[in-house]
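Enquirer: Take a look at the following structure, please.
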Ligand code: CP
Ligand code: NVA
């Protein structure tokens, strides 16, 4: 058991402000180079394992495309079909994969699992989402905010509205604080980030010159904000039965056109990590409509498809930022 290998990414806070911004800068350079047809392949001969205990579209595809464009190979290990965590411990798996691969991505439930993997692998381990944190999402979100709001992040107001206890909300609070932003979480009291996360963020904000606000007053949170961000009301791994309670608690926190207007700024952008319930075109969206009479849950379709919504640019940026993580960790 050792410290995580250099180049590992387990939480956003472990990168520090400079390390985080260096990755965003590299992602912007790689994105430009790719668009200009000038991408240099720096990961030829590298092999990457992708472990997913939970489903994924963006994170999996971003890792696979980023690796392919840089000349590396990937192996996808899904929720079924490997021995991980059932017939074979995390420590043994880490040592096996660490001897075969140059780096390992892990998405799953417990943060402790990705940390144990990193302690035994001897190669860089990247957190592709746990119940606690979603650091690669944060890199894409910050690149998107740089592109669509301001290249200078200090003082940019970033407001998350909805389930404030989930991985994405916790990561936004910490990331925004670390980068000197004006970060706000609007959620009912029982769904606010736990005190230890708020304390971590407040400490980082004190160093960076940022500010943090956690409130149940959604109007106060969105006033003057540059970004309104939300996420699904029920995260992967939570039982379907929590939908009733979440709808009850979070109805006042839906991102509607009216809520967007309460920022008081025409330039306010809408971001969402996706996937999202914004219409009835999915099975889940249909169930939400039939059971609660809501068209869209955490966001309405009107907001989702409006010009202020940059969710697909944000999704593309998952790939450019993950490419930066791979290049920075593995390319010499
Ligand atoms: N935003 C995100 O992590 O999406 P996936 O679950 O599709 O990877
Ligand atoms: N909070 C969501 C994010 C998905 C990318 C979940 O954990 O399911």
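Bear in mind these aren't lab numbers, they're just calculated from the coordinates by the rules spelled out. Given the structure is predicted, the values throughout are model-derived calculations rather than measurements. No Cβ is skipped: glycine too gets one built from the backbone with ideal geometry, and neighbour counts run over all protein chains shown.
Enquirer: Hey, could you check region 61-84 for residues that are in contact (Cβ under 8 Å) with a residue 60 or more places away in the chain and part of a helix (DSSP H, G or I) and say which is farthest from ligand 2 (Cβ to nearest atom)?
Expert: Going through the qualifying residues, I end up with 69.
Enquirer: Moving on to the next point. Condition first: in contact with a helix residue (DSSP H, G or I) (Cβ under 9 Å, 6 or more places away or on another chain) and assigned to a helix (DSSP H, G or I). Now tell me which residues in region 115-130 satisfy that.
Expert: Those that are in contact with a helix residue (DSSP H, G or I) (Cβ under 9 Å, 6 or more places away or on another chain) and assigned to a helix (DSSP H, G or I): 116, 117, 118, 119, 120, 121.
Enquirer: For the list (1) away from ligand 1 (no atom under 14 Å from the Cβ); (2) part of a loop (DSSP other than H, G, I, E, B); (3) touching a strand residue (DSSP E or B) at 6+ places or on another chain (Cβ under 8 Å), I need the number of the one condition that residue 276 fails.
Expert: Residue 276 satisfies every listed condition except (1).
Enquirer: Determine which member of the set 162, 180 is within 16 Å of residue 272 (Cβ to Cβ) and touching a helix residue (DSSP H, G or I) at 6+ places or on another chain (Cβ under 9 Å).
Expert: 162
Enquirer: For region 131-153, how many residues are surrounded by fewer than 24 Cβ atoms within 10 Å (Cβ to Cβ) and assigned to a loop (DSSP other than H, G, I, E, B)?
Expert: Residues that pass the stated criteria total 7.
Enquirer: Going residue by residue through region 154-175, is there one that turns out to be buried (at least 24 other Cβ atoms within 10 Å of the Cβ), in a helix (DSSP H, G or I) and free of Cβ contacts under 8 Å to residues at least 40 places away in the same chain?
Expert: yes
Enquirer: Suppose the filter is away from ligand 2 (no atom under 16 Å from the Cβ), farther than 19 Å from residue 256 by Cβ and under 18 Å from the mean Cα position of the chain (by Cα); does residue 159 pass it? First the steps, then the outcome.
Expert: Details: away from ligand 2 (no atom under 16 Å from the Cβ): yes; farther than 19 Å from residue 256 by Cβ: no; under 18 Å from the mean Cα position of the chain (by Cα): yes.
Answer is no for this residue.
Enquirer: Another question about this same structure. Can you name the residue in region 85-99 that is surrounded by 17 or more Cβ atoms within 10 Å (Cβ to Cβ) and under 22 Å from residue 236 (Cβ atoms) and is also nearest to ligand 2 (Cβ to nearest atom) among such residues?
Expert: In this case the residue turns out to be 90.
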